[in-house]
Amino acid sequence: MAAEALLHWYHRTKRSLPWRGESDPYRIWLSEVMLQQTTVAAVGPRYARFLARFPDIGALAAAPWEAVAAEWAGLGYYARARNLHAAAQAVAAQGGFPRDAAGLRKLPGIGAYTAAAVAAIAFQEPVVPADGNVERVMARAFLVETPLPGAKPELARLAQGFMEQPAARAAPGDFAQALFDLGATICTPRNPACALCPWMAGCAARAAGRAGELPRKAEKRARGVLHGVHFLIRDGQGRIGVRARPPRGLFGGMWEIPGTPWRATPWPDAEAMPHAPDTRLNWRAAPGEALHQLTHRDLVLRLFIAEAQALPPGLTPLTSPAELPTVMRKLLGLAG
DNA sequence: AATCCGGGGGC
DNA sequence: GCCCCAGGATT
């Protein structure tokens, strides 16, 4: 496979994306973090909105956590926001971004992939970031039968091997993004459009008629169920009370409607009620349940509602439902 | 190496 | 319903 053929295809067909053509490492880094396990379509509007609110690394470093959390709400994987904030403060204290992948890798929230992506795209370091797209392209091009995630090191080595070609080494950022585009538009997980692929002639999986079967993946475990009961308090002004979740774990550091812990067995009302912020209020059950699917869990949440003159101590009035993670907005929907 | 950590879109 | 997404941290 010739790097030059891929680059030629890229320059002819590349997607127009908001972070393409940026050279500011802050903007490249932000796009890479937002795109972790998150689709291009979902990131697009959030990327612009985040930059409008935090236009540079100094603004992000100086912002309070609550502002960052509010901006990230709904995007998922909230540890990304916490690490983004911490990394911004570290970078600001250092006077700027580390200029190579090894230095970037030390920042919170930056792993092997993101370090390589930022180094290649922002600093033209001759490294190839191996994301899901790149792994898929390599598994097919070289007919790698080892299932993921075990095959990751081998696929990353195969990808890095392209940097031996002068055309790739001359444009590491374009080469990385060309691989992303190839995986996203041609070498797709299902029904790859091999006839349009610039690497069709050299692709081993294509020759074997097996492109659609690769990469192989280890079998996944079954999902579990978690049950919870939450308590919505409205004060005299119609405001609702929220509290911050612990900084680590599910929805870490995000606002939540107070409630029971989440556990595998359902909560009977009598057992849940002591977890109400004020057990003396007149709690009534909202109809139905909020169902929310996570990667490894199904959440089943019920809701009780009460009115109070003032919010109990420990609760904060919610400024806007948009500052809640999606699961909490779903729960709020039960209140009608 | 396995598990945890969100939400959305495609099929 | 299942799969996947410009993955990282923790154990």
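The values are calculated or read from the model by the stated rules, or taken from the named source; none is laboratory data. Computed from a prediction, not measured in an experiment: that's the story for all the values here. Methodologically, a virtual Cβ is constructed for each residue, glycine included, from the backbone with ideal geometry; neighbour enumeration extends over all protein chains shown.
A:Met138 fulfils the conditions (1) within 15 Å of DNA strand C (Cβ to nearest atom); (2) under 18 Å from A:Leu35 (Cβ atoms) except for a single criterion, (2). So, of the residues in the range A:40-75 that are out of contact with any His (no Cβ under 9 Å at 6 or more places or on another chain), touching a residue at least 60 places away in the same chain (Cβ under 8 Å) and of a type in the set (Gly, Ala, Ser), which turns out to be surrounded by the most Cβ atoms within 10 Å (Cβ to Cβ)? Once the filter is applied, the top-ranked residue is A:Ala73.
Of all the criteria given as (1) at pLDDT 95 or above; (2) not in a loop (DSSP other than H, G, I, E, B), the one not satisfied by A:Pro277 is (2).
Collect the residues in the range A:47-81 that are of a type outside the set (Gly, Ala, Ser), at negative phi and within 10 Å of DNA strand B (Cβ to nearest atom), keeping them in residue-number order.
Passing the criteria: A:Trp72, A:Leu75, A:Tyr78, A:Arg80.
Every condition in (1) without any contact (Cβ under 8 Å) to a residue 12 or more places away in the chain; (2) within 16 Å of DNA strand B (Cβ to nearest atom); (3) surrounded by 20 or more Cβ atoms within 10 Å (Cβ to Cβ) holds for A:Gly111 except the one numbered (3).
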